[in-house]
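Comments concern the structure below.
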């Protein structure tokens, strides 16, 4: 593999890891465009499968940190993620049947939704002591299935859908929902990438470079988060605008 390509993939992974660490949901949506237009992956399906695998690994690292901090509501997270696992597999299977350029055009639409969701105000009010009940299970499972289907189809973590879904279904706080969403991001990313890998649509050297870079980016994310602590809202809006601009670029490239 070209050392220059490896370097680009590693730097790209560092950027994605940094964004995931600082912004959480939506931080991984730039992975596929980065592989296509910077690293030089030619097949959109390979870009989606490879980025999904890397996002799953990065999310697993983040999940470990959140679990140690006691922020993950495991029963709710496992019901949501378990139901969505089947949806992710179905979504990935459907996506592989669609022409790559058409899929990327739809991916641009999903990116635009991510960017717009990040511009919406976030409230952290909620029940820190939420417990899983039969009623909550009946609300969580269908939501998880639908979000998993979207995550698998577009090859994204889906955090921008998972977090509000968990909050709406259970009433948990934003902090608990963000931490608990990582369970689903790991499961959905693993299912999506496994489906693509079975079809030979994962570039493993690029995946390894993304993961190595992502580890360094995640380490730097803690320092960057502290620097941006007093400017978090402005930084989040700036990132959302960057996602929207990238979505427009991806759409134009796809149509061209």
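The values are calculated or read from the model by the stated rules, or taken from the named source; none is laboratory data. Because the structure is predicted, anything quoted here is derived from the model rather than measured. Neighbour counts run over all protein chains shown; Cβ positions are idealised from the backbone, glycine included.
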Completion exercise
Selection from the range 223-241 of residues in contact (Cβ under 8 Å) with a residue 24 or more places away in the chain and either in a helix (DSSP H, G or I) or more than 23 Å from residue 14 (Cβ to Cβ) (or both) yields 224, 225, 235, 236, 237, 239, 240, 241
Handout entry: Conditions (1) within 27 Å of residue 218 (Cα to Cα); (2) modelled with pLDDT under 90; (3) surrounded by 14 or more Cβ atoms within 10 Å (Cβ to Cβ): number failed by residue 64
Key = (3)
Exercise for the section: Determine whether the range 128-139 contains at least one residue that is out of contact with any strand residue (DSSP E or B) (no Cβ under 8 Å at 6 or more places or on another chain), assigned to a helix (DSSP H, G or I), in contact (Cβ under 8 Å) with a residue 40 or more places away in the chain and surrounded by 15 or more Cβ atoms within 10 Å (Cβ to Cβ). Expected result: yes
Exercise for the section: Taking the options 91, 84, 13, 49, name whichever one is under 15 Å from residue 221 (Cβ atoms) and touching a residue at least 40 places away in the same chain (Cβ under 8 Å). Expected result: 13
Handout entry: Sole residue being touching a helix residue (DSSP H, G or I) at 6+ places or on another chain (Cβ under 9 Å), closer than 28 Å to residue 46 by Cα and without any contact (Cβ under 8 Å) to a residue 60 or more places away in the chain, chosen from 218, 168, 190, 208
Key = 208
Problem - Subset of the range 112-122 that is under 13 Å from residue 161 (Cβ atoms) and touching a helix residue (DSSP H, G or I) at 6+ places or on another chain (Cβ under 7 Å) - its residue that is modelled with the lowest pLDDT - result: 118
Problem - Flag if residue 22 is over 10 Å from the mean Cα position of the chain (by Cα), more than 10 Å from residue 206 (Cβ to Cβ) and in contact (Cβ under 8 Å) with a residue 60 or more places away in the chain - result: yes
